[in-house]
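Beneath this line is the structure, given in C-alpha cells, with notes to follow.
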Amino acid sequence: MNEETDIQRLLKAAGPRERVPPDVIAAAREELRGEWRRIVAERRAGRRRATAFAIAAGVAAVAVGSWMVARQASEPGAAVGTVVVAQDDVRLRGGWLAGWDRAVAGSPVSAGDTIETGPAGRAGMSLPGGVSARLDGGTRIRLASGERIVIERGTLYVDAGAALGRESALRVDTPTGVVRHLGTQYEVRVEGDAVRLRIREGRVELQSRSGALEQASAGEQLMIAANGDVTRSHAPRYGASWGWVESVAPAIDVDGRPLAEFLAWAARELGAEVTYMSEATREEAESVVVHGSIEGLTPRQALDTVLATTTLEGSFDDGELRISGGMPE
C-alpha cells in the first residue's frame with residue numbers, strides 16, 4: 001500500500017478545482033498523512049470497523065478544516081490600498097475561493113486580495129506611506145498586507161517616494177527571495193523560476209531563500225536563478241524598457257504648484273534628472289505657477305503640455321531633462 005499515492009487520491013477525489021494556496025495544501029496533506037498512519041496501525045490490530053469510521057472522520061476533518069481556512073482567507077481584510085489606474089483587463093479577488101471582480105480606478109484593495117492583469121492589462125495602486133505599486137500585463141500579485149506583496153508571476157514596479165534614505169517596511173516576496181528597500185524605484189520581474197531585479201533609484205536589499213544578502217543600487221540589475229546564483233549587470237534608468245511604468249503613473253495635482261516642482265516630478269517618472277541651462281531659467285521655473293490638471297496624461301505628455309504654456313523648453317539627453325529658454329533678461 002503506497003502512503004503518498006493514497007493521500008494524493010484522496011486529495012483529488014473532489015475533481016478539478018481552483019488552485020489552492022500551497023500552505024493550505026500542505027496543512028491538508030499533513031492532516032491526512034497523520035490520519036492514514038493511525039488508520040494503518042488500527043488495521044494491523046484488526047479493528048477494521050473502527051478503521052472505516054476513522055477514514056470517513058479523517059476526510060471529514062480535513063474537509064472541515066480546509067473549509068474553515070478557505071472561509072478565513074475569503075473574508076475581506078482591512079483596506080490597505082486603492083487602484084488608481086486600471087487599463088484593459090484588471091481583476092481583483094478577495095480570497096482564493098472568491099470570484100474575480102473587474103477592477104477600476106477607485107477600487108479599494110484589502111489585505112489578502114489578489115490583483116491580476118490580463119496580457120494587455122496594466123494597473124497602478126496607491127499603498128500606505130505614499131508607495132506606488134504598478135503591474136505590467138500578465139502579472140499576478142497578492143497583497144498579504146499593506147507592508148507585504150507576494151508576486152506570483154509577471155512584472156511589478158515599486159516607487160516608494162523621492163525621500164531617499166527613508167526606511168520602508170514594505171517587502172516584496174519573490175520565488176527566489178525577499179526584496180526590501182530604502183526610498184527607491186525598482187522593478188521585479190518573475191521569469192519562470194528566476195527573478196530579474198532592476199533598480200532605477202536608491203538601493204535595495206535581496207535576502208535569498210538561503211538567507212544570503214545581496215544589495216544593489218540605481219543603475220544595477222540582478223538576475224537571481226532558482227538555485228540562488230546571482231548575476232549582476234548594468235541597467236539603464238531611462239528608455240523604452242521603462243515605458244510601461246510611465247503609462248500607469250498616477251497623476252499629481254499640479255494646480256497651484258511651482259513649475260520647478262512639476263518638472264522634478266516629471267523627470268523622476270521618466271528616470272531623468274532636471275538640469276537648468278542657466279540660473280535665470282531656474283529662477284523662472286521656480287517663480288512660474290502651474291494651473292490646470294494633467295489627469296489622464298502620461299508624465300511625458302504632461303511635460304509637453306505644461307511646457308507649451310510657458311516660455312521654457314525641455315529636451316532629453318543621456319538621462320537629463322534639460323530646461324532652457326525663458327524670458328530675456
Check your understanding: Can you pull out the residues in the stretch 314-329 that are open to solvent by 60 Å² or more (accessible area, probe 1.4 Å) and over 35 Å from the mean Cα position of the chain (by Cα)?
Key -> Met327, Pro328, Glu329
Point to revise | Residue satisfying condition, being touching a Pro at 6+ places or on another chain (Cβ under 7 Å) and in contact (Cβ under 8 Å) with a residue 24 or more places away in the chain, within set Val195, Val204, Val248 | key: Val195
Point to revise | Residue check for Glu205: among the charged types (D, E, K, R) and closer than 25 Å to Leu303 by Cα | key: no
Exercise for review: Could you tell me which residue of the stretch 276-313 is least open to solvent (accessible area, probe 1.4 Å), considering only residues that are among the small types (Gly, Ala, Ser) and under 32 Å from the mean Cα position of the chain (by Cα)?
Suggested key: Ala302
Practice item. Among what's in the stretch 87-113 and is assigned to a strand (DSSP E or B) and either open to solvent by less than 10 Å² (accessible area, probe 1.4 Å) or among the acidic types (Asp, Glu) (or both), pick the residue that is farthest from Glu187 (Cα to Cα). Key: Asp101
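Would you confirm, using the coordinates I've provided, whether Gly137 is modelled with pLDDT of 95 or more, open to solvent by less than 40 Å² (accessible area, probe 1.4 Å) and not in a strand (DSSP E or B)?
Working: modelled with pLDDT of 95 or more: yes; open to solvent by less than 40 Å² (accessible area, probe 1.4 Å): yes; not in a strand (DSSP E or B): yes.
Judged against the criteria, Gly137 is a match.
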**Study point:** Matching option when the condition is closer than 30 Å to Asp88 by Cα, of a type in the set (S, T, N, Q), touching a residue at least 40 places away in the same chain (Cβ under 8 Å) and in contact with an Asp or Glu (Cβ under 9 Å, 6 or more places away or on another chain), among Thr298, Thr275, Thr310
**Key:** Thr298
Check your understanding: Of all residues in the stretch 218-241, which are out of contact with any strand residue (DSSP E or B) (no Cβ under 7 Å at 6 or more places or on another chain), hydroxyl-bearing (Ser, Thr, Tyr) and either without any contact (Cβ under 8 Å) to a residue 60 or more places away in the chain or surrounded by fewer than 17 Cβ atoms within 10 Å (Cβ to Cβ) (or both)?
Key -> Ser241
Practice item. Tell me, yes or no, whether the stretch 246-253 has at least one residue that is surrounded by 15 or more Cβ atoms within 10 Å (Cβ to Cβ) and either hydroxyl-bearing (Ser, Thr, Tyr) or in a strand (DSSP E or B) (or both). Key: yes
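Let's see how each residue does on (1) assigned to a loop (DSSP other than H, G, I, E, B); (2) crowded, with 21+ Cβ neighbours inside 10 Å; (3) in contact (Cβ under 8 Å) with a residue 40 or more places away in the chain:
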{"site": "Ala123", "(1), (2), (3)": "no, yes, yes"}
{"site": "Ser132", "(1), (2), (3)": "no, yes, yes"}
{"site": "Arg142", "(1), (2), (3)": "no, no, no"}
{"site": "Val150", "(1), (2), (3)": "no, no, no"}
{"site": "Leu156", "(1), (2), (3)": "no, yes, no"}
**Study point:** Matching residues, the stretch 254-275, being part of a helix (DSSP H, G or I), open to solvent by less than 60 Å² (accessible area, probe 1.4 Å) and not hydrophobic (A, V, I, L, M, F, W, C)
**Key:** Arg268, Glu269
Check your understanding: modelled with pLDDT of 95 or more and in contact with a Gly (Cβ under 8 Å, 6 or more places away or on another chain): does that describe Val289?
Key -> yes
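Arg200: part of a strand (DSSP E or B), out of contact with any Leu (no Cβ under 9 Å at 6 or more places or on another chain) and of a type in the set (Lys, Arg), yes or no?
On the way: part of a strand (DSSP E or B): yes; out of contact with any Leu (no Cβ under 9 Å at 6 or more places or on another chain): yes; of a type in the set (Lys, Arg): yes.
So Arg200 fits the description; yes.
The values are calculated or read from the model by the stated rules, or taken from the named source; none is laboratory data. Owing to the predicted nature of the structure, the values given are computational and were not obtained by experimental measurement. Please note: Cβ atoms are built from the backbone with ideal geometry, for glycine as well, and neighbour counts cover all protein chains shown. Note: areas computed on protein heavy atoms with side chains; ligands, DNA, RNA excluded. Shrake-Rupley method; radii C 1.70, N 1.55, O 1.52, S 1.80 Å.
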